[in-house]
Amino acid sequence: MGFHILFLIMLVPIIGALLLLFVPANNSKAPRLIAATAASVALVLSLVAFFNYNTQTGGMQFVEGYSWVPSYGINFTLGVDGLSMPLVLLTSIIIFSGVFVTWKLENRAKEFFFYMLVIASGVFGVFMSGNLLLLFLFMEMAVIPKFILINIWGSKNKEYAAMKYTLYLLAGSSLALVGIMAIYAYAGSVSGVYTLDIAKLAAIKYDASFQKFGFFILMLGLGVMVPMFPFHRWTPDGHSAAPTAISMMLAGVIMKLGGYALIRVGINFFPEGAVFWGPVIALLATINAVYVAFVAMAQKDLKFVVANSSVSHMGYVLFGIASFNAASISGAAAQMFAHGIMAALFFALVGLIYEKSHTRIISDFGGLAHQMPRVAAAFMLTTLASLGLPGMFNFIAEFSVFIGSIQVYPVLAVISIFAIVITAIYVLRVMQQVFFGPRNAKWDHLEDAKGVEMIPIVLLGGILIVLGILPGSIINMISSGIVPIAQKFISLSIGGLF
Amino acid sequence: MNYNAIFLETLVFLLGVLLLVMDLILPRTKKSIIGYISALGLLCILVFTFVYHGNNAIGFYNGLYASNGMSTYFKQMFLIAAILVTLTSTSFVKTLSDSRGEFFIIIIFATLGMMVMSSANDLITLYIGLELMAISFIILTAFNKKSMKSSEAGTKYVLLSSISTAILLYGMSLLYGISGSVAFTDIIDYLKTGNNLPVVILGSILLIAGFAFKISAAPFHMWSPDIYEGAPTPVTAFLAGGSKIAGFSVVIRLLLQLMEPVHGTMVVLVIALSVLSMIVGNIIAIPQTNLKRMLAYSGVSHAGYILIGIVSYTKTGISAMLYYLLLYIFANIGAFAAITAFSNQTGKDDIKDFSGMWKRSPLLAATLLISLLCLAGIPPAAGFIGKFYLFSEAAKQGYLWMAFLAMAMSVVSAYYYTVVIRVMLMEEPSEVTPIKIPASIKVVMIVSMVMIIVMGVYPGPITDWATSVASSFIK
């Protein structure tokens with residue numbers, strides 16, 4: 001394809017952001033129209049790319065390369081494979097929904113959309129980048145806009161949450177960046193050519209001790225972003241304090257960056273190191289899934305429940321990655337997509353309820369289904385997806401994770417599966433306490449979702465159902481990207497104590 | 001004798017003299033025009049350095065003075081800094097009661113001193129350049145005669161700078177005493193013999209200590225916070241974007257050329273300076289409440305980062321330093337220009353005074369935001385790529401722990417920079433009067449911002465340029 005589709009997808013939000021700078025301050029409609037246009041164009045282009053991706057041939061497609069800093073071996077290469085294509089699509093879906101969730105924002109709307117579009121571009125860059133340094137550049141590019149977004153438009157304890165979030169993420173990415181420098185230096189001294197091209201670095205044979213060291217650094221650094229227990233503390237605060245659209249982006253895509261980089265860089269470069277540290281990740285992932293699920297159960301604030309449930313669900317992703325076979329890693333990648341959609345819908349609904357009722361305390365509610373039937377239905381759908389009910393895309397993803405991992409870590413897998421039960425308990429309890437029960441006259445003034453508010457709900461809910469019924473295309477695409485990576489593990493024996 | 005070697009210096013000197021004459025002729029109220037003429041003249045000389053390639057690798061007066069690719073690169077940086085600082089200071093100078101013209105002329109002579117430093121090929125010439133710069137800076141620092149802080153800063157600078165000069169001279173005299181010559185080439189020949197090693201090492205350490213003062217590397221950084229805070233803000237910008245760069249131009253040549261035979265020993269010293277600067281600078285910057293003081297400590301930590309390039313001792317290491325120094329000029333002058341615009345109007349420069357800046361002046365907030373992001377090393381500002389170049393050099397040479405420490409310290413620094421960003425962008429303004437930015441400062445701000453973004457988003461061409469300069473210096 002001579003059409004530079006990936007570059008365009010990445011550029012569209014930046015162009016939108018630059019246009020926003022020239023909007024006069026008193027114009028209240030133009031910012032959201034520009035943002036909506038940019039998001040729609042990015043979504044359409046992502047869909048075009050998604051349906052034009054050839055699953056049969058697999059591998060990196062739509063590749064484009066530009067010379068950037070040739071003397072340091074850094075080229076601006078873009079490309080997507082079966083792993084990143086769904087995530088690019090996920091990003092554009094969530095940006096698109098996020099714009100409509102924020103449709104009615106009055107306070108400094110121009111700046112809000114500016115920072116949001118900058119983040120969008122950064123996230124696209126991470127998923128498309130074929131160069132290790134650019135991957136990290138884009139990852140860090142998204143940090144400060146989020147700091148500003150949480151600080152200005154956030155709620156409750158926002159200053160603390162924003163600073164905590166920023167320092168955690170910067171610390172994580174800086175640590176991972178040191179790992180990148182070590183890889184750069186090592187690969188350069190082995191092959192004689194200093195390069196940061198992911199494909200070239202993946203082909204180099206690293207010796208066992210360097211693999212263990214390199215993977216350890218990446219595991220810690222990227223573990224903060226996933227987030228992996230015990231580095232998950234920024235997530236509940238950050239997600240809860242952020243404005244709705246940004247919570248959707250945080251839970252929907254930003255959390256996926258760590259998992260994506262761990263697959264793309266960590267286990268792809270260092271299979272032996274990964275196998276060495278695999279049991280540790282699996283153990284921490286189990287704690288993530290089970291312990292944080294318990295934490296979610298104890299929350300009184302609706303948004304904290306959802307935020308903790310995100311951390312718990314990311315435990316499955318880590319668990320899938322740590323099992324190192326095609327089924328489990330594909331499951332992990334699918335879970336990233338499924339959870340992204342589901343978490344975004346969750347946050348959109350919670351945001352909607354909060355916007356109308358100005359409270360998020362679960363015990364304040366009751367019987368909301370009478371006043372807000374559409375929100376209740378969508379919430380039910382999300383709840384079912386969250387607990388992995390068959391028929392939802394989340395079920396397919398989680399099933400695939402556990403099919404793969406139970407052969408490797410039987411004990412831990414059984415414990416992790418238990419987290420699904422706990423999830424069922426807390427999400428159903430929230431559902432019951434908020435939406436069911438007798439009609440509460442206090443909330444009679446609440447209006448149900450309508451008009452623009454329905455766009456993200458219908459879009460995200462529709463995707464959950466459609467993919468639950470017809471998961472074939474996306475699963476095939478993910479497998480085509482994962483199988484080459486998983487093949488590196490066939491000769492290595494995995495597992496151990498658990 | 002090849003006069004091409006001192007051609008640039010002659011031009012700068014003539015410009016200074018021309019302006020001195022103009023200063024006598026022009027009436028008092030018209031003197032700010034000298035600033036614009038000075039900036040224009042320096043700009044012409046800067047453009048000339050890019051067009052005129054005749055002065056590569058030539059010596060003057062039996063090698064007393066050497067002009068080569070490296071020194072030209074540094075001279076270009078000094079000229080850029082001088083132009084931006086001159087433009088920044090025009091509005092400040094209008095507030096002075098007298099001596100308005102001299103301010104710009106002294107900036108030119110300080111620049112001349114820096115240029116001599118970067119080209120000096122023997123100890124005496126080096127010393128003359130250094131003193132020309134230092135004395136000019138003493139005057140500039142104390143220029144605001146009516147301000148207690150400014151006079152205090154000037155006095156401190158005299159005292160501390162003369163102590164550091166004394167140490168420096170002692171080191172020079174030791175090297176001269178054992179080698180019998182002040183010319184770099186003779187000293188290098190002597191050092192290669194390996195005789196009298198303890199004296200050589202002592203002399204080298206004293207020499208480096210003297211210049212560590214100029215680059216404000218810890219533990220020789222004590223002067224910088226007081227003087228950065230007390231000096232008129234444009235002068236602070238020049239201290240950060242000029243004096244420090246000039247210090248590095250000498251440190252690079254001393255450590256990698258003059259002391260190359262004892263590099264193995266000196267590298268330990270450089271590592272100690274670098275590590276100490278990174279830690280001290282970043283940790284002490286956290287509790288600062290004055291923005292200029294905070295930037296002074298951040299300058300200390302940056303001296304530590306940049307010294308990493310010397311530790312690695314490779315072509316790419318030097319090129320990484322050159323790249324970083326250039327972006328450091330733009331980041332600092334951008335930030336100080338913003339502070340100048342603000343404190344000219346309000347007379348304040350504490351961090352809390354910047355609250356609600358997005359409402360009072362979006363351009364000022366944007367400039368400060370981009371400059372601080374650049375210093376913090378967060379993309380798309382150039383600091384990210386600059387830090388990657390520097391720290392990956394350390395990793396390549398087996399000093400991965402230094403890369404690790406430097407990255408960890410960058411995260412610490414992100415804290416105090418983001419505090420300022422939060423105050424500027426998120427808090428409600430304590431006053432609502434908009435900040436009026438003079439056109440000349442607007443130019444400086446926009447140039448700095450554009451350069452920071454360009455160097456961060458499309459670093460290829462400037463990196464290639466820096467690499468070609470570095471490869472002419474080191475094989």
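Structure summary
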{"quantity": "Rounded to whole Hz, the Karplus (6.51, -1.76, 1.60) HN-Hα couplings of the stretch A:195-201, x for glycine and proline", "calculated": "9, 10, 6, 4, 4, 5, 5"}
{"quantity": "Unit charges at the beta carbon, dipole of chain B: most positive-side option, B:Ala153, B:Ile215, B:Val250", "calculated": "B:Ala153"}
{"quantity": "Overall form of the stretch A:269-354 per C-alpha gyration tensor (a/c, 1.5; a/b vs b/c)", "calculated": "oblate"}
{"quantity": "A:Asn54-A:Leu446 pseudo-label distance in nm [points 7 Å out on the Cα-to-Cβ vector]", "calculated": "5.2"}
{"quantity": "Rounded accessible area of B:Tyr228 (nearest 10 Å², 1.4 Å probe)", "calculated": "0"}
{"quantity": "Whether chain A is rounded, prolate or oblate, judged on the alpha carbon gyration tensor where a/c under 1.5 counts as rounded", "calculated": "oblate"}
{"quantity": "For the stretch A:172-252, radius of gyration divided by Kirkwood radius, i.e. Rg to Rh on alpha-carbons", "calculated": "1.13"}
{"quantity": "Surface per residue (accessible, 1.4 Å probe) for the stretch B:86-209, Å²", "calculated": "38"}
{"quantity": "Gyration tensor (alpha-carbon) shape descriptor, the stretch A:14-85, a/c threshold 1.5", "calculated": "oblate"}
{"quantity": "By accessible area with a 1.4 Å probe, ligands and nucleic acids excluded, highest first: order of B:Asp122, B:Asp350", "calculated": "B:Asp350, B:Asp122"}
{"quantity": "Rounded percent of accessible protein surface that carbon and sulfur make up, the protein assembly as shown, 1.4 Å probe", "calculated": "69"}
{"quantity": "Solvent-accessible area buried by pairing B with A, both sides, nearest 100 square angstrom, 1.4 angstrom probe", "calculated": "3300"}
{"quantity": "Inverse mean reciprocal Cα-Cα distance (Kirkwood Rh) of the stretch B:347-468, Å", "calculated": "16.0"}
{"quantity": "Hits among aspartates and glutamates - C-alpha to C-alpha of B:Lys156 under 13 Å, sequence gap 8 or more where chains match", "calculated": "B:Asp226, B:Glu229"}
{"quantity": "For chain A, the longest site-free run once GluC sites (Glu not before Pro) in DSSP loop states with at most 11 other Cβ atoms within 10 Å are removed", "calculated": "A:107-446"}
{"quantity": "Residue-averaged 222 nm ellipticity for chain B, from DSSP H runs of 4+ at -39500 (n - 2.57), nearest 500", "calculated": "-25500 deg cm²/dmol"}
{"quantity": "Sites B:Ser472 and B:Thr193 - FRET efficiency at Förster radius 30 Å, r taken between beta-carbons, to 0.05", "calculated": "0.65"}
{"quantity": "Beta bridges by DSSP in the protein assembly as shown, antiparallel share as percent, to the nearest 5", "calculated": "95"}
{"quantity": "Per residue accessible area of the stretch A:162-206, 1.4 Å probe, in Å²", "calculated": "30"}
{"quantity": "Given A:Lys356/B:Lys359; A:Lys146/A:Lys256; A:Lys104/A:Lys256; B:Lys94/B:Lys442; B:Lys94/B:Lys145, the pairs whose alpha carbons are separated by over 23 Å", "calculated": "A:Lys356/B:Lys359; A:Lys104/A:Lys256"}
{"quantity": "Whole-Hz couplings from phi, Karplus 6.51/-1.76/1.60, listed for the stretch B:170-176; x for Gly and Pro", "calculated": "4, x, 4, 5, 5, 4, 5"}
{"quantity": "Cβ-derived FRET efficiency at R0 25 Å, B:Trp465 paired with B:Thr185, nearest 0.05", "calculated": "0.35"}
{"quantity": "Share antiparallel - DSSP beta bridges, chain A, percent rounded to 5", "calculated": "90"}
{"quantity": "Amide H within-cut-off set for A:Gly82, under 5 Å, with H built and near neighbours excluded", "calculated": "A:Gly59, A:Gly481"}
{"quantity": "For the stretch B:381-409, residues shielded by at least 40 square angstrom of accessible area compared with the chain on its own, probe 1.4 Å", "calculated": "B:Phe384, B:Phe388, B:Tyr389, B:Lys396, B:Leu400, B:Phe404, B:Met407"}
{"quantity": "Value at 222 nm in deg cm²/dmol, rounded to 500, when DSSP H runs of n ≥ 4 in chain A each add -39,500 (n - 2.57)", "calculated": "-23000 deg cm²/dmol"}
{"quantity": "Accessible area of A:Lys156 in the full protein assembly, 1.4 Å probe (Å², nearest 10)", "calculated": "120"}
{"quantity": "Minimum 10 Å² accessible area buried by the other protein chains, the stretch A:171-187 residues, probe 1.4 Å, relative to alone", "calculated": "A:Ala171, A:Ser174, A:Leu175, A:Leu177, A:Val178, A:Met181, A:Ala182, A:Tyr184, A:Ala185"}
{"quantity": "Spacing of the two label points (7 Å from each Cα toward its C-beta) at A:Ala298 and A:Val190, in nm", "calculated": "4.5"}
{"quantity": "Dipole of chain B [Lys/Arg +1, Asp/Glu -1 at C-beta], most positive-end residue of B:Met402, B:Leu390, B:Pro27", "calculated": "B:Pro27"}
{"quantity": "Derived scalar couplings ³J(HN,Hα) [the stretch A:274-283; Karplus, 6.51 cos²θ - 1.76 cosθ + 1.60; whole Hz; x for Gly, Pro]", "calculated": "5, 5, 4, 8, x, x, 5, 4, 4, 5"}
{"quantity": "Candidate residues B:Cys44, B:Cys374: accessible-area rank, largest first, probe 1.4 Å", "calculated": "B:Cys44, B:Cys374"}
{"quantity": "Chain B: projected area of the alpha-carbon convex hull, averaged over directions, in nm²", "calculated": "20.4"}
{"quantity": "Under 14 Å, Cβ to Cβ, from B:Met402 - net charge with Lys/Arg +1 and Asp/Glu -1", "calculated": "+1"}
{"quantity": "Buried on assembly, the stretch A:69-105 (at least 10 Å² less accessible surface than by itself, 1.4 Å probe)", "calculated": "A:Val69, A:Pro70, A:Ser71, A:Tyr72, A:Ile74"}
{"quantity": "Accessible surface, per residue, of the stretch A:317-456 when the full set of protein chains is kept, probe 1.4 Å, Å²", "calculated": "33"}
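The values are calculated or read from the model by the stated rules, or taken from the named source; none is laboratory data. A quick note: this is a predicted structure, and the numbers were derived from the prediction, not measured. A quick note on method: Cβ atoms are made from the backbone with ideal geometry, for glycine too, and the neighbour counts reach across all protein chains shown. Each accessible area value is taken on the protein alone, full model and side chains, heavy atoms only, with ligands, DNA and RNA left out. Shrake-Rupley method; radii C 1.70, N 1.55, O 1.52, S 1.80 Å.
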